[in-house]
Ligand SMILES: Cc1cc2nc3c(=O)[nH]c(=O)nc-3n(C[C@H](O)[C@H](O)[C@H](O)COP(=O)(O)O)c2cc1C
């Protein structure tokens, strides 16, 4: 597959309102555009004449072996793009040997996602809703079903203003709402605005699972999360969907990596589109990247197979980029490989 064309192929298949809901960002979409551009401002400084006869993309995340440092980001409403929904994403991700983060706003139950790929590692993304019992029930179910970590999204006390959705008067299609209401997940989009770092320890103690905080863009916030019991952070601006004008994650990553200072794993998402972007992120100190929209385009165009194909292609691109950078193993992707232009 040509990853650059995947979005156009999905666009041709999807109702315009659904396409815009996924593709769009908040406000003037400044942050959205910058998320992709920021990776491109980092240029590579390849090493030559290194032995790259055997390149391996394998790594671990929170101790879990994965085929590559590319994970699936949590995204809402997979049945909006494909009738097989989140279980298909889970199967495709498992086939590629990597890890999926299931969204609280999934259109399939936690059980259905777990049983779609029972042996694959997976994380559960949490929105803490006003009805804490609802949140407690879903995270405990995820823990029972073998999810390996919780990803607490911290950048969404309320939803960003997405002008495409306003203009389109976008509403979820009826069949998606029906699927959503049939799950054991919180139905309400009523995210609690009062959530603080205190909920990190609450989630950890409820489930015994490590908690990552997603949406961190500052070093001081990363430190506060770790001090409150987080096992890591995901540097993210929610794909440009929350605060327009927020810094690109590629630009925020070095500050967070420096503040965390090796005490925890730092992940990053937003605008990762090619294997070379993965090299850039790892060179800046990320343990792994997460991809959001490309997975939805792949699901829309090819179901589970489409997701597997996308991830295999990203892995092949990463392998090639590593070989051409003179890095045979992910540990050899170090900060000297990039320069800011
Ligand atoms: C359609 C869509 C739905 C999303 N839903 C969620 C969600 O339910 N929870 C969450 O933490 N992040 C959500 N995100 C943000 C993604 O996890 C991720 O941060 C972002 O998409 C990464 O940027 P990328 O799409 O450029 O790869 C969503 C993003 C999109 C595009």
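Has region 71-80 got any residue that is out of contact with any helix residue (DSSP H, G or I) (no Cβ under 6 Å at 6 or more places or on another chain) and away from the ligand (no atom under 16 Å from the Cβ)? Within region 71-80, not a single residue is out of contact with any helix residue (DSSP H, G or I) (no Cβ under 6 Å at 6 or more places or on another chain) and away from the ligand (no atom under 16 Å from the Cβ).
Looking at residue 105, is it within 11 Å of the ligand (Cβ to nearest atom), touching a residue at least 40 places away in the same chain (Cβ under 8 Å) and either surrounded by fewer than 24 Cβ atoms within 10 Å (Cβ to Cβ) or closer than 19 Å to residue 74 by Cβ (or both)? In short, yes. Restricting attention to region 186-220, the residues being touching a residue at least 12 places away in the same chain (Cβ under 8 Å) and assigned to a helix (DSSP H, G or I) number 10. Restricting region 226-259 to residues that are assigned to a helix (DSSP H, G or I) and touching a residue at least 40 places away in the same chain (Cβ under 8 Å) leaves a set whose member that is nearest to the ligand (Cβ to nearest atom) is 239.
Return yes or no: is residue 146 part of a loop (DSSP other than H, G, I, E, B) and within 14 Å of the ligand (Cβ to nearest atom)? No: the conditions fail for residue 146.
Being modelled with pLDDT of 95 or more, within 15 Å of the ligand (Cβ to nearest atom) and closer than 14 Å to residue 90 by Cα is a description that does not apply to residue 290.
If the condition is being farther than 20 Å from residue 340 by Cβ and either away from the ligand (no atom under 13 Å from the Cβ) or surrounded by fewer than 24 Cβ atoms within 10 Å (Cβ to Cβ) (or both), then region 261-274 contributes 261, 262, 263, 264, 265. The set of residues in region 114-142 that are surrounded by 19 or more Cβ atoms within 10 Å (Cβ to Cβ) and part of a helix (DSSP H, G or I) comprises 114, 116, 135, 138, 139, 142. Looking across region 30-42, the residues that are within 12 Å of the ligand (Cβ to nearest atom) and more than 15 Å from residue 276 (Cβ to Cβ) come down to 31, 32, 33, 34, 35.
The values are calculated or read from the model by the stated rules, or taken from the named source; none is laboratory data. What you see is a predicted model; the values in this text were computed from it and never measured. Don't worry about glycine lacking a Cβ; one is built from the backbone with ideal geometry, like all the others, and counts go over all protein chains shown.
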